[in-house]
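Input: a single structure, listed below in structure tokens.
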Amino acid sequence: MANHTRTFEFVDVVLELDGYSARAIREIYTHIIGTSRLQASTRYINYENMDYFIPPKISNNSEALKAYTELMEQVKETYKILAALDIPQEDTANILPLGHTTKIAFKINARALIHLAHLRLCSRAYHEVRQLIKDIKQALSELDNREDGQGWDYIAYHMTPKCVSLGYCDEAKSCGIRPLKKEII
Ligand SMILES: Cc1cc2nc3c(=O)[nH]c(=O)nc-3n(C[C@H](O)[C@H](O)[C@H](O)COP(=O)(O)OP(=O)(O)OC[C@H]3O[C@@H](n4cnc5c(N)ncnc54)[C@H](O)[C@@H]3O)c2cc1C
């Protein structure tokens with residue numbers, strides 16, 4: 001495959017994204033071009049035992065962790081109370097926090113995936129979303145590859161922060177991977 005972005009559009013990547021927070025998935029949803037998605041129902045799926053994402057800065061702080069998990073556990077309790085009161089799941093779902101983990105099927109063509117990685121591997125993107133993209137990149141790298149190096153590894157190779165592709169940082173402040181544009185031109 002040549003490094004022409006039009007040819008990348010003919011490669012579809014179909015992913016099951018499971019265990020990421022609804023908040024991270026919401027950010028993935030802002031990427032529209034070249035994508036299709038299906039999401040787990042909040043009407044038919046029971047979330048009384050929902051899992052939830054715990055950011056490292058919270059898990060590493062015992063007081064913060066206590067406050068955070070208490071609230072999440074309270075949500076689960078309230079979910080059960082409402083179920084016992086015959087409130088349908090589609091209404092109870094309004095209490096689910098953005099941090100609850102969910103599952104989606106996500107189809108994206110390789111050109112759009114590389115664009116998504118450019119934006120979401122940038123250090124300005126939220127760390128859970130950066131991790132999600134790193135996980136996709138890792139999964140692609142682990143797929144069987146062609147002898148000529150033009151297989152999935154080739155797509156993964158192009159999944160970099162945008163500054164690596166541009167050669168400079170186009171944000172207001174550089175994290176240091178690449179210098180600001182004004183510093184090199
Ligand atoms: C660090 C970070 C912070 C963000 N913060 C916010 C936020 O606070 N609020 C928020 O709402 N979003 C936020 N976003 C989302 C961002 O604004 C984009 O919606 C998202 O990154 C998708 O990018 P995109 O439009 O390039 O992708 P896609 O929708 O996949 O589009 C791909 C490309 O197609 C072209 N294109 C797409 N749509 C059109 C169109 N209608 N007309 C012409 N050309 C088009 C553009 O060239 C675009 O880059 C954030 C993103 C990042 C990375």
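Throughout, read-outs are computed from the coordinates displayed, never taken from laboratory work. Since the model is a prediction, treat every value here as computed from it, not as a measurement. No Cβ is skipped: glycine too gets one built from the backbone with ideal geometry, and neighbour counts run over all protein chains shown.
Table: residues versus (1) in contact with a helix residue (DSSP H, G or I) (Cβ under 7 Å, 6 or more places away or on another chain); (2) free of Cβ contacts under 8 Å to residues at least 12 places away in the same chain.
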| residue | (1), (2) |
| --- | --- |
| VAL14 | no, no |
| ALA22 | no, no |
| LEU38 | no, no |
| ILE54 | yes, no |
| ASN61 | no, yes |
| ALA64 | yes, yes |
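Taken over the stretch 81-136, the criterion of being in contact with a Pro (Cβ under 9 Å, 6 or more places away or on another chain) and within 17 Å of VAL14 (Cβ to Cβ) is satisfied by ALA117 alone.
Checking each residue in the stretch 125-164 for being over 14 Å from the mean Cα position of the chain (by Cα) and within 13 Å of the ligand (Cβ to nearest atom) picks out PRO161, LYS162, CYS163. Would it be correct to say that GLU90 is exposed (fewer than 14 other Cβ atoms within 10 Å of the Cβ) and more than 20 Å from ILE25 (Cβ to Cβ)? For GLU90, the condition - exposed (fewer than 14 other Cβ atoms within 10 Å of the Cβ) and more than 20 Å from ILE25 (Cβ to Cβ) - is not met. Taken over the stretch 9-40, the residue count meeting the criterion of being assigned to a loop (DSSP other than H, G, I, E, B), surrounded by 12 or more Cβ atoms within 10 Å (Cβ to Cβ) and on the phi < 0 side of the Ramachandran plot is 5.
Considering the stretch 9-56, and only residues there that are charged (D, E, K, R) and more than 16 Å from the ligand (Cβ to nearest atom), the residue that is farthest from ASN94 (Cα to Cα) turns out to be GLU16.
Scanning the stretch 118-167 for residues that are in contact with a Lys or Arg (Cβ under 7 Å, 6 or more places away or on another chain) and under 25 Å from ASP18 (Cβ atoms) turns up HIS118, LEU119, ARG120, LEU121, CYS122, VAL129, ARG130, ILE133, ALA156, MET159.
Please work out if ARG6 is within 16 Å of the ligand (Cβ to nearest atom), in contact (Cβ under 8 Å) with a residue 40 or more places away in the chain and exposed (fewer than 14 other Cβ atoms within 10 Å of the Cβ). Judged against the criteria, ARG6 is a match. Out of everything in the stretch 67-121 that is part of a helix (DSSP H, G or I), small (Gly, Ala, Ser) and more than 16 Å from the ligand (Cβ to nearest atom), what residue ends up being nearest to the chain's Cα centre (by Cα)? Out of the qualifying residues, it is ALA93.
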